[in-house]
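For reference, the structure is listed below as C-alpha cells.
The numbers here are math on the coordinates, done by the rules we state, and not lab data. Remember, it's a predicted structure, so these values are computed and weren't measured experimentally. For neighbour counting, all protein chains shown are included, and Cβ atoms are generated from backbone atoms with ideal geometry for every residue, glycine included.
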Amino acid sequence: MRNRVDRFVRSRVIPREAVLDGGGPAAADALAELRDRAQEEGLWAQPLPVELGGGGLDFRTYAGLAEVEGASDHGPAALGSAPLLDVTMLARHGGTAVREAYLKPLVAGELRTCYAMTEPDVPGTDPFGTATRAEPGPDGSWLVTGRKWFTSGAAGADLVTVMARTGGSAGDREGLSLLLVPTASPGFRIVRELPVLGAGGQYEIELDRVRVPADHLLGEPGDALTIAGERLALGRTLRCLRWLGQAQRAFDLMCERAVTRSGSRGPLAEQQLIQSHVFDALLALRTTRPLVHEAVALIDAGRDARTEVGLAKVAAARMLQQVADSAIQVHGAAGLGPDTPLPALLRTGRAARILDGPDELHITSVARRALRAYGPRARQDPEGAVQRS
C-alpha cells in the first residue's frame, strides 16, 4: 500500500502541483479528478473509519502512508486523508446530530472543514487569552462574536471549529468551548488572506453574532482545552510525518542533482563538500524518523505522548528546513527558482518552526517535564528512577 500511495503521489499529484497551487476552477477540477482516481485505485481515505467510507487503517499502520502522502502538500487532499483530524474530533466529541449530518460527507470529500483557534494580538501559545465569545441565545443556540487568524483553508471551508469563551473573561483558565460553525451562516466573513512567506492558504476570519445551533457545541461547555489537546497531539504528529515525506523528496532531488550535474572539476557527487551536505541531510532524516514514530506508537496506544510529540515536532521542523536548505545549496541558482519545489519546501520548513507551537514552547515544555523526574519527590520514589531510565 505504501508503494502504491508513493507511486500515486509521484506520478499523479506532483505533476499537477502547479495547477493545484494556482487555485480557482482549474485546481478544483484537477483535485476532483485526482480524488476520483484515488477511489478507483482503492487508495481513498485509508486512515478513516470503514463504516464512514474509509480504509479503516489504525494510526500506526497509516503512519507509513502519511510520509509518502505528505511529499506533496496536495497529497492528503487528493487521497482523502485530509479530514482525519476533524473526523476524529467530531466522532469523539460531536453530538448525534453533528455526527449524522457531517461525518460521511467529510469522509466522502463533499465537505471541507477548518480550525480557528489563534486570534490577532493574542499569543497563539496562550489560549487563555481567547477573546472570542459565544453567548447563549434564548432558544438554546449560541451567538459567536470574535476574530481569528491563520485559519488554514478557511476560504473554501464549509465548517469551521471555533474556540470561544462560553464563560469567564480573557485570561481565565476556565470557560473555553469549541463550536462547529457553518461558514454560510450570516455574520461569518473572510477578512483577508494571510500569505506565509509568500504562500497563500491562511486566512483571517470574523464572526459577528453568528448563530450556532445548540447541538453544534463539541463536548460540554468548558471542554475546549481537553479536546484541543487531543487534536494538537494527533495534528502535530501528522505534520511531522508529512514533513518527513517532504524532506525525503528534497533529499532525493539533492542526490539526483549531485550525480547528474558536472562542473569543470567533475561530477558534483565527487566533491567532498557536496558529500558533506548529503551525509548531514541523511543523518537528520534517519535520526528524526524514529522520534516521530515513537510519538505515533504512543498516540496509537492512547498513552501520554506530550514529551515525544514535542521532541518530534522540533526535530522534524528543523530537519525539513536543514534538508531543503542543503538541497538548494547543491542545486545552486536553480534551487532558488520556480523549476523545483525546493523554495516551497524550505518555506514549509521555516514556517514549521513557528506554526503548531513555536520551537521555544516545545523546548520549554519538554525540558520541564524531563526535569520533574529529577526533583525531590522523584528521588524519593524508586519507581521514578526506573521510569527515568
Discussion item. Give the average over all directions of the projected area of the C-alpha convex hull of segment 113-218, one decimal, in nm².
Written reply: 6.4 nm²
Response to the item:
Proxy exposure order for 130, 113, 226 (fewest C-beta within 10 Å first) is 226, 113, 130
Worksheet entry | Rounded tilt (10° steps) of 272-300 against the dominant C-alpha axis of the chain | 30 degrees
Discussion item. Report the gain in length on full extension from residue 17 to residue 364: 0.36 nm times residue separation, minus Cα-Cα distance, nm rounded to one decimal.
Written reply: 121.2 nm
Discussion item. Please give me, ordered by residue number, the trypsin sites (Lys or Arg not before Pro) of segment 255-356 that lie in loop per DSSP and have at most 11 other Cβ atoms within 10 Å.
Written reply: 265, 303
Practice prompt. For segment 2-94, state the semi-axes of the equivalent ellipsoid (square roots of 5 times the eigenvalues of the alpha-carbon gyration tensor), sorted largest first and rounded to whole angstrom.
Written response: 22, 15, 11
Worksheet item: Which FRET efficiency value, to the nearest 0.05, is calculated for residue 191 and residue 259 with the Förster distance at 35 angstrom and r the Cβ-Cβ distance?
Response: 0.15
Response to the item:
Helix 224-260 sits off the longest principal axis of the Cα atoms of the chain, rounded to the nearest 10 on a 0 to 90 degree scale, by 20 degrees
Worksheet item: So what is the calculated 222 nm ellipticity per residue for the chain, using -39500 (n - 2.57) for each DSSP H run with n of 4 or more, over all residues, to the nearest 500 deg cm²/dmol?
Response: -16500 deg cm²/dmol
Discussion item. What would the Debye equation give as log₁₀ I(q)/I(0) for the chain at q = 0.11, 0.14 Å⁻¹, counting only Cα atoms as equal point scatterers?
Written reply: -0.85, -1.31
Worksheet item: What angle do you read, to the nearest 10 degrees and between 0 and 90, between the alpha-carbon axis of helix 96-108 and the longest principal axis of the chain?
Response: 20 degrees
Discussion item. Going by amide H atoms built from the backbone, whose H comes under 5 Å of the H on residue 57, apart from near neighbours?
Written reply: 48
Worksheet item: According to the square roots a ≥ b ≥ c of the eigenvalues of the Cα gyration tensor, what is the shape class of segment 83-145, taking rounded for a/c under 1.5, prolate for a/b larger than b/c otherwise, and oblate for the remainder?
Response: oblate
Worksheet entry | Phi to ³J(HN,Hα) by Karplus 6.51 cos²θ - 1.76 cosθ + 1.60 over segment 348-365, Hz, x for Gly, Pro | 4, x, 5, 5, 4, 7, 10, 5, 6, x, x, 3, 4, 4, 5, 4, 5, 5
